[in-house]
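Notes for the one structure printed next.
Each value in this text was obtained by applying a stated rule to the coordinates, not by laboratory testing. Computed from a predicted structure; not experimentally measured. With ideal geometry, Cβ positions are generated from the backbone for all residues, glycine too; neighbour counts draw on all protein chains shown.
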């Protein structure tokens, strides 16, 4: 993870009190910490309200239009939905997996199995309510955009992107990339000077999320709005139609989920207390020396 060029005087003064082989650095600025925690809340609620909206029609298509008569590439549905024991299934590109209890069929308001895309505990609101889900989703989406713009402006003017996210010449060498992959597989983390900057895999991941996945998710979401289509018809051409935009929106949202899962796993492996403290106070303790 990166460190700011200016070290907090209080942190510098405390270094002498640290055990041998450890050093405290100022890792995250106030703006980075605030936008991070805002994203944690907003993205979580966006995903929940998005699943509520998806449940209104739990099928995805490619092209300009999508309808019940078309063949979806992804579908969450139920076999024998009117029986006492319906079977939930996930159909993906011709394959079918039984997902009863989670996808396709889960407990309804009365506690009995009911046909439903995502389960009620995962959606906002929990009961099937498309209108409320849409209101939550649109409100939170603009919060995400505002928070993202604040982060982008800060990163551009502060030099965060150039200093912390741009891969260095030595990092983009195939040997360095391979070494970073091997270290991650072996659950080895950098120490000393290496720990004061993002490794190449972290940089690739953050660059992809900030400059590719999140913009694609926002733009594909806007493409599904008829009002936005009237003002910016080029979005429909860009995404190949409203049905394709919905599919891309779903895919990018799941990529964000995958990123978060990997991120949280890495936090626990690297030391959850130290990592969370750095995102609250900015202070992060590293081990000096070489790789262990």
Report the residue, chosen from 62, 136, 73, that carries the largest GNM mean-square fluctuation when the chain is represented by alpha-carbon nodes joined by springs under 10 Å.
-> 73
In degrees, nearest 10, the alpha-carbon axis of helix 214-223 is tilted away from the dominant principal axis of the alpha carbons of the chain by 30 degrees
Plugging the Cβ-Cβ distance of residue 34 and residue 185 into 1/(1 + (r/R0)^6) at R0 = 25 Å yields, to the nearest 0.05, a FRET efficiency of 0.15
Multiply the residue separation of residue 112 and residue 138 by 0.36 nm, subtract the distance between their alpha-carbon atoms, and state the gained length in nm to one decimal.
-> 6.2 nm
How big is the gap, in Å, between the Cα center of region 215-267 and the Cα center of region 161-210?
-> 27 Å
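Over region 67-117, calculate the relative contact order: mean separation of alpha carbon pairs under 8 Å at least 6 apart, over the residue count, as a percent. It would help to have the intermediate numbers written out before the result.
Numbers: 102 pairs, mean separation 15.8, N = 51.
The value is 31 percent.
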Picking from 138, 157, 204, which is most flexible by a Gaussian network model of the chain using Cα springs under 10 Å?
-> 157
Can you tell me the FRET efficiency between residue 153 and residue 231 if r is taken as the Cβ-Cβ distance and R0 is 35 Å, rounded to the nearest 0.05?
-> 0.90
Between the modelled labels at residue 175 and residue 93 (7 Å from Cα along Cα→Cβ) the distance in nm is 3.7 nm
Region 99-115 to region 22-56: how many Å between their Cα centroids?
-> 29 Å
Using a Gaussian network model of the chain with C-alpha springs under 10 Å, which one of 65, 151, 206 is most mobile by mean-square fluctuation?
-> 65
